[in-house]
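The values are calculated or read from the model by the stated rules, or taken from the named source; none is laboratory data. For clarity, every value in this text was computed on a predicted model and none was experimentally measured. All Cβ positions, glycine included, derive from the backbone under ideal geometry; neighbour counts span all protein chains shown. Calculation scope for accessible area: heavy atoms of the full protein, side chains included, ligands and nucleic acids excluded. Shrake-Rupley method; radii C 1.70, N 1.55, O 1.52, S 1.80 Å.
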Amino acid sequence: MNLHEYQGKEILNSFGVEIQRGIVATTPAEAVLAAKKLTEDTGTGWHVIKAQVHAGGRGKGGGVKLAKNLEQVEQIADDIIGMMLITPQTSAEGKKVNQILVAEDVYYPGDSEPEEYYISVLLNRGTGKNMIMYSTEGGMDIETVAEETPHLIFTEEIDPAVGLLGFQARKIAFNLGLSGKAFKQMTKFVSALYKAYLNSDSSMFEINPVLKTSDDRIIAVDAKVSIDDNALFRHPDYVAMRDLREENAIEVEASEVGLNYVDLDGNVGCMVNGAGLAMATMDLIKQAGGEPANFLDVGGTADAERVELAFKLILRDPNVKAILINIFGGIVRCDRVAQGIVDAYKNMGTIKVPIIVRLQGTNADIAKELIDNSGLDVQSAVEFKEAADKVQKVLA
Ligand code: GDP
Ligand code: MN
């Protein structure tokens, strides 16, 4: 589950990570109140207004702006709230901005050398260890750094048995070129950050930039936080942070009816039972020259009701030009699934895209007969390859 910047910062701060403070607002009037409150609390008269959407690169897209007085706060808030923010990480239409973060300006006026670093914490699946990635080249162009000068990004792996050790935090601060008070602050920052990562059951933290001010404070200016979905049951307070407006509408609907659906870019809708078979099906579609429009595991009970739900989800994606149903009848009998497909099809009236069905396993022969004699625009296939080739044919 991805979080907004302001929510991520809240979590970081609850574990003692120093953050750029801010207050969330949904109207220009709220933004002005927030700015006044921040001035009382921090003394700063300047504020940054930051669009809260689940996408990075907001600065480049005009979603992060500096306001030097309350009139500007109101004006910028008015401009940003409700806009379609287009960044290198959004689609071409962009993302609607429902709320903004009014934050204290931490880049002091006259501070000639604010340093921006990059720090992320994530799991290295190859080694089975968490790692901290970091660079002196933080800021808005970190993607270019990763592509053109990857040697400027360092990695520190953490042994899960002993956790982050003191010397590792010091090594990071040293490699970031720090000394004196800033060095100490950075080791504290890194330790608190790692503690926050572990205890929040996160799968990724990306703090870019981490700022060093001229008076040697180390501050998280941005926060991209993803919580591991499988651990959410332990964190009801984080579950409450979920913003469904930011998520794929079809995926949200699928999870509500207990179907495992992931939206993809292709045009072949897939309905499969079992995650492994679903992945193999997607591979086969690609091999036959097609592109899967989705991953969909309908699970063990592929009855008419579930098949109908699955049809409806798949057909909500306007890119879908054909549907491939690939079911292995192990516990569930193929003829029952076939009957389910026929019933669901009839129930839905007309389905405009061609459907190719492959049923294998118990009673596959009866199932094939059922499909072939149904009078519906559904083609059956016996072999895996045959099914994928038929899909290609209807698309051609
Ligand atoms: P992102 O573009 O989505 O990653 O959004 P960030 O939160 O990282 O902000 C983008 C950029 O805005 C940062 O890299 C900073 O250079 C700048 N920025 C953020 N906070 C402040 C601030 O308090 N003052 C000033 N002057 N610039 C800021
Ligand atoms: Mn950033």
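Could you please let me know if Asp222 is closer than 24 Å to Leu101 by Cβ and open to solvent by 70 Å² or more (accessible area, probe 1.4 Å)? No, not satisfied. Among residues that are assigned by TED's automatic domain parsing to the domain that holds Glu113 and within 24 Å of Leu85 (Cβ to Cβ), Asn230 is not included. Residues of the stretch 45-73 that are over 18 Å from Asp222 (Cα atoms), surrounded by fewer than 17 Cβ atoms within 10 Å (Cβ to Cβ) and either of a type in the set (Phe, Trp, Tyr) or within 14 Å of ligand 1 (Cβ to nearest atom) (or both): Gly45, Lys68, Gln72. Determine whether Phe311 is outside any helix (DSSP H, G or I), in the same structural domain as Gly375 (by TED's automatic domain parsing) and either under 18 Å from Ala254 (Cα atoms) or touching a His at 6+ places or on another chain (Cβ under 6 Å) (or both). Here the answer is no, as Phe311 does not meet what is asked.
Of the residues making up the stretch 30-44, those that are part of a helix (DSSP H, G or I) and away from ligand 1 (no atom under 12 Å from the Cβ) are Glu30, Ala31, Val32, Leu33, Ala34, Ala35, Lys36, Lys37, Thr39, Glu40, Asp41.
Of all positions in the stretch 96-106, at least one carries a residue that is open to solvent by less than 80 Å² (accessible area, probe 1.4 Å), more than 13 Å from ligand 1 (Cβ to nearest atom), closer than 19 Å to Arg58 by Cα and out of contact with any Gly (no Cβ under 6 Å at 6 or more places or on another chain).
Could we say that Ala344 is touching a helix residue (DSSP H, G or I) at 6+ places or on another chain (Cβ under 7 Å) and touching a residue at least 40 places away in the same chain (Cβ under 8 Å) here? When the stated conditions are applied, Ala344 passes them. Regarding the stretch 179-187, can at least one residue be identified that is surrounded by fewer than 19 Cβ atoms within 10 Å (Cβ to Cβ), among the hydroxyl-bearing types (Ser, Thr, Tyr) and away from ligand 2 (no atom under 16 Å from the Cβ)? For the stretch 179-187, residues surrounded by fewer than 19 Cβ atoms within 10 Å (Cβ to Cβ), among the hydroxyl-bearing types (Ser, Thr, Tyr) and away from ligand 2 (no atom under 16 Å from the Cβ): present. Of the numbered criteria (1) surrounded by 17 or more Cβ atoms within 10 Å (Cβ to Cβ); (2) assigned to a loop (DSSP other than H, G, I, E, B); (3) free of Cβ contacts under 8 Å to residues at least 60 places away in the same chain; (4) of a type in the set (Gly, Ala, Ser), the one Ala161 fails is (1). Would you check if Asn175 is within 24 Å of Gln20 (Cβ to Cβ) and open to solvent by 30 Å² or more (accessible area, probe 1.4 Å)? Yes; evaluated as a whole, the condition is true for this residue.
Would the stretch 190-200 turn up any residue that is under 25 Å from Gly57 (Cα atoms), at pLDDT 95 or above and within 16 Å of ligand 2 (Cβ to nearest atom)?
Yes: one or more hits.
Taken over the stretch 74-85, the criterion of being within 13 Å of ligand 1 (Cβ to nearest atom) and either in a strand (DSSP E or B) or closer than 21 Å to Glu18 by Cβ (or both) is satisfied by Leu85 alone.
Rundown of residues vs (1) within 28 Å of Phe189 (Cα to Cα); (2) loosely packed, with under 15 Cβ neighbours inside 10 Å; (3) small (Gly, Ala, Ser); (4) touching a Lys or Arg at 6+ places or on another chain (Cβ under 8 Å), yes/no style:
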| position | (1), (2), (3), (4) |
| --- | --- |
| Met84 | no, yes, no, yes |
| Ala92 | no, yes, yes, no |
| Glu113 | yes, yes, no, no |
| Ile119 | yes, no, no, no |
| Asn124 | yes, yes, no, no |
| Gly128 | yes, yes, yes, no |
| Thr144 | yes, yes, no, no |
| Glu156 | yes, no, no, yes |
| Leu165 | yes, yes, no, no |
